[in-house]
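The values are calculated or read from the model by the stated rules, or taken from the named source; none is laboratory data. As the structure is a computational prediction, the values presented were derived from the model and not from experiment. Here the Cβ positions follow ideal geometry from the backbone for every residue, glycine too, while neighbour counts run over all protein chains shown.
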Amino acid sequence: MREDITRFVDEIAKLTEPKNVVYITGDEAELAAYRRQLVEKDVAIPLKRKNSLLFRSDPEDVARTEGKTFICSEKEIDAGPTNNWRDPKEMLKHLKTLFKGSMRGRTLYVIPYSMGPVGSPLAKVGIELTDSLYVVINMAMMTRIGTKVLDALGDDSFVPGVHSVGCPLEEGEREPPWPCNPEKTCIAHFPETRQIWSFGSGYGGNALLGKKCFALRIASAIARDEGWLAEHMLIMGVTNPEGKKRYFCASFPSACGKTNLAMLMPTLPGWKVETVGDDIAWLRWGPDGKLYAINPEAGIFGVAPGTSHVSNPQAMDTIRHDAVFTNVALTDDQDVWWEGMTKEPPKHLIDWRGEDWTPNRPQKASHPNARFTVSAAQCPSIDPDWESLSGVPISAILFGGRRSSVTPLVYEAFDWEHGTFIGASVSSEMTAAAAGTVGKLRHDPFAMLPFCGYNMGDYFGHWLNVGKAGKVIPKIFAVNWFRKNESGEFIWPGFGENSRVLKWIFERCEGAVEAQESAVGLLPNIDDLDSEGLDISRETLERLLTIDPKEWAEEVKELRSYFKIFGERLPEGIKRSLDALEDRVSEHAAP
Ligand code: OXD
Ligand code: MN
């Protein structure tokens, strides 16, 4: 074992005082023993699905806690206006107090993990120290873990991460089913020294440090320094009926259907979608000038409610076995259920709080942010190149949000600078993935609002810089599946029908279809959006593909006021694009 690793472990053990320290090897028998132990201790419920478990979290610990998530850069301005900043020295002092003795009576598990396929030049290693077995078994699915990671590390650096649920056990005290310490929850990132400390929460992105903390917040800072991109994006392969394949990345805020899109089953005959990743992409230009992407993760941490054989049959197949479910309902025959899984709910369930539930109960049976965790390798649509060490070449980048009005179904950016502006301008109606008001419109630039490890204005600038000449530049598109009519109903069917939009994007990449210039970007000619067999009126299609200059004039005003928060860090390229948009919109609005 490398001396700096044992020193790190010893230091944290001295601080947190666990009863023992265990190095995770990643061996399947070892993980199976942990799963058994969780069941024996009544922490997890075994399911009738093979090797699958159900966990119920504490009702106070059900989602990422953005208000308790901090970027601790030396200077406040380097965290920027969209992050919670704390002075690194002050924060370290606070963390030392929180973590003092926090693992008493517990085991400290050492999890070496790789973000990206082991041995890929694009991969990076982290070491998470945690006192949660739930974290161990989830990290084993979400990342590549154990001895093989340490073997491949060589002399490279690693990102240290310390996680404690913040619930020391006294002698003889029984383990609570979901240990956590919501009052003292604190998720701290040190982008300059590349460290992560997470206290008090056992849930998802707060606790599985490879995901949001490393692969987005810390990695975005590394990517800025090294000239690449760490993004909140799915990666998908799209093959046309002639057998030509292209890869797309798509960025959407949390719980806006990235997993569904990544596993989409096209309704258009002859088209195929394959999945490389459903949440995070690391992108770098290769020696041939093309942009390549890897999925740093190895698993899927998907939102369960709404997932069904209709919305995402591939996900339903993926989770048939070897899956972990958190905060879903339990059926009388030891299976799982959540809202949207079937049209009719079962007659009786045990809900996510562990209480009897019948369909007449007003409360939901599963929590809106209930999740499944599963290895991506189990996905029937997994792309044959999903573990390619050099990544897959990207032809297009899509930016989407949940907008019931204003944003058309799809449009294309004029160029990279305009595409960067489109990414920076994303706003979306909020979901249950983070604590907050569901449905409220919030700006979520690049879907990175809670995940950017440095000043978002500088992040825009980094995007503008990496797209400079001498490279093959992917096309950039905006998409919006969520337009509604006056009665509040969705006017685009979405899901598999989104393949019609993917087809147009594919054909634009091929140079096979024209587009029409509008004030906001390049729109499809209505006849180029394949609507054959779709029960949709021409009027609705027109509504989906035209822009309302009045709404856009408001949008521009709103954006201008939003971008003010970035002050001097707002790059010229964004200001230029906003001014140009304003001019085009007022020209179109002119009688
Ligand atoms: C996620 C999220 O869990 O974005 O992926 O919240
Ligand atoms: Mn996400």
Legend entry - Total residues in segment 70-118, condition among the basic types (Lys, Arg) and farther than 28 Å from PRO176 by Cβ: 4
Legend entry - Single condition SER308 does not satisfy, out of (1) more than 16 Å from ligand 1 (Cβ to nearest atom); (2) within 24 Å of GLY210 (Cα to Cα); (3) of a type outside the set (A, V, I, L, M, F, W, C); (4) part of a loop (DSSP other than H, G, I, E, B): (2)
Inset, instruction - List the number of the failed condition for LEU208; all other conditions in (1) surrounded by fewer than 24 Cβ atoms within 10 Å (Cβ to Cβ); (2) within 13 Å of ligand 2 (Cβ to nearest atom) hold. - result: (1)
Inset, instruction - Quick one: which helices (runs of 4 or more DSSP H) lie wholly within segment 1-115 and hold at least 1 residues that are out of contact with any strand residue (DSSP E or B) (no Cβ under 6 Å at 6 or more places or on another chain), of a type outside the set (D, E, K, R) and within 22 Å of PHE214 (Cα to Cα)? - result: 3-16, 88-99
Inset, instruction - Could you please tell me which pairs satisfy a Cβ distance under 9 Å, a separation of 6+ or placement on different chains, a first residue in segment 185-207 that is at positive phi, and a second residue that is acidic (Asp, Glu)? - result: GLY200/ASP61; GLY200/GLU183
Inset, instruction - Scan segment 235-255 and give yes if some residue there is of a type in the set (D, E, K, R), assigned to a strand (DSSP E or B) and either within 12 Å of ligand 1 (Cβ to nearest atom) or surrounded by 24 or more Cβ atoms within 10 Å (Cβ to Cβ) (or both), otherwise no. - result: no
Legend entry - Index of the failed condition, GLY401 passing every other in (1) within 27 Å of ASP528 (Cβ to Cβ); (2) more than 16 Å from ligand 2 (Cβ to nearest atom): (2)
Inset, instruction - Please work out if ASN181 is over 19 Å from ILE294 (Cα atoms) and more than 16 Å from ligand 1 (Cβ to nearest atom). - result: yes
Inset, instruction - Can you tell me which residue within segment 444-467, out of those that are assigned to a loop (DSSP other than H, G, I, E, B), modelled with pLDDT of 95 or more and away from ligand 1 (no atom under 16 Å from the Cβ), is surrounded by the most Cβ atoms within 10 Å (Cβ to Cβ)? - result: ASN455
Legend entry - Within segment 404-443, tally of residues that are assigned to a loop (DSSP other than H, G, I, E, B) and modelled with pLDDT of 95 or more: 8
Inset, instruction - Would you mind stating whether VAL328 is away from ligand 1 (no atom under 13 Å from the Cβ), touching a residue at least 12 places away in the same chain (Cβ under 8 Å) and of a type outside the set (Ser, Thr, Tyr)? - result: yes
Inset, instruction - Using the structure shown, decide if SER366 is in a loop (DSSP other than H, G, I, E, B), modelled with pLDDT of 95 or more and within 16 Å of ligand 1 (Cβ to nearest atom). - result: yes
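Out of the residues in segment 335-383 that are among the β-branched types (Val, Ile, Thr) and within 23 Å of the chain's Cα centre (by Cα), which is farthest from PHE301 (Cα to Cα)?
That would be ILE382.
Output the residue which, of all residues in segment 43-81 that are more than 16 Å from ligand 2 (Cβ to nearest atom) and β-branched (Val, Ile, Thr), is surrounded by the most Cβ atoms within 10 Å (Cβ to Cβ). Before you say what the answer is, go through the steps one by one.
Start the filter on segment 43-81 by keeping residues that are more than 16 Å from ligand 2 (Cβ to nearest atom), which leaves 43-61, 67-68, 70-81.
Keeping just the survivors that are β-branched (Val, Ile, Thr) gives 43, 45, 71, 77.
Working: VAL43: 19, ILE45: 19, ILE71: 26, ILE77: 15.
Selected residue: ILE71.
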Inset, instruction - Say whether the condition of being assigned by TED's automatic domain parsing to the domain that holds CYS186, at pLDDT 95 or above and within 16 Å of ligand 1 (Cβ to nearest atom) is met by at least one residue in segment 74-82. - result: yes
Inset, instruction - Examine segment 287-309 for a residue that is without any contact (Cβ under 8 Å) to a residue 60 or more places away in the chain, closer than 19 Å to THR431 by Cβ and away from ligand 2 (no atom under 16 Å from the Cβ), and state whether such a residue exists. - result: yes
Inset, instruction - Out of ILE24, ILE12, report the one residue that is β-branched (Val, Ile, Thr), touching a residue at least 60 places away in the same chain (Cβ under 8 Å), more than 20 Å from THR193 (Cβ to Cβ) and assigned by TED's automatic domain parsing to the domain that holds PHE99. - result: ILE24
Inset, instruction - Would you check which residues across segment 211-229 are within 16 Å of ligand 2 (Cβ to nearest atom) and either assigned to a loop (DSSP other than H, G, I, E, B) or within 18 Å of SER57 (Cβ to Cβ) (or both) and list them? - result: LYS211, LYS212
Inset, instruction - Quickly run through segment 525-554 and pick out the residues that are of a type in the set (D, E, K, R) and out of contact with any strand residue (DSSP E or B) (no Cβ under 9 Å at 6 or more places or on another chain). - result: ASP527, ASP530, GLU532, ASP535, ARG538, GLU539, GLU542, ARG543, ASP548, LYS550, GLU551, GLU554
Legend entry - Residue list for segment 315-349, restricted to those being touching a helix residue (DSSP H, G or I) at 6+ places or on another chain (Cβ under 9 Å) and away from ligand 2 (no atom under 16 Å from the Cβ): ASP317, THR318, ILE319, ARG320, HIS321, ASP322, ALA323, VAL324, MET341
Inset, instruction - Name, by its number, the condition in (1) out of contact with any Lys or Arg (no Cβ under 7 Å at 6 or more places or on another chain); (2) over 22 Å from MET142 (Cβ atoms) that does not hold for ASP335. - result: (1)
Legend entry - Count of residues meeting criterion [closer than 24 Å to GLY105 by Cα and not in a loop (DSSP other than H, G, I, E, B)] in segment 153-187: 10
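Out of contact with any helix residue (DSSP H, G or I) (no Cβ under 6 Å at 6 or more places or on another chain), crowded, with 21+ Cβ neighbours inside 10 Å, under 24 Å from VAL392 (Cα atoms) and of a type in the set (S, T, N, Q): does that describe SER220?
Yes: the conditions hold for SER220.
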Inset, instruction - State whether the residues of segment 208-215 include one that is away from ligand 1 (no atom under 12 Å from the Cβ) and over 14 Å from the mean Cα position of the chain (by Cα). - result: no
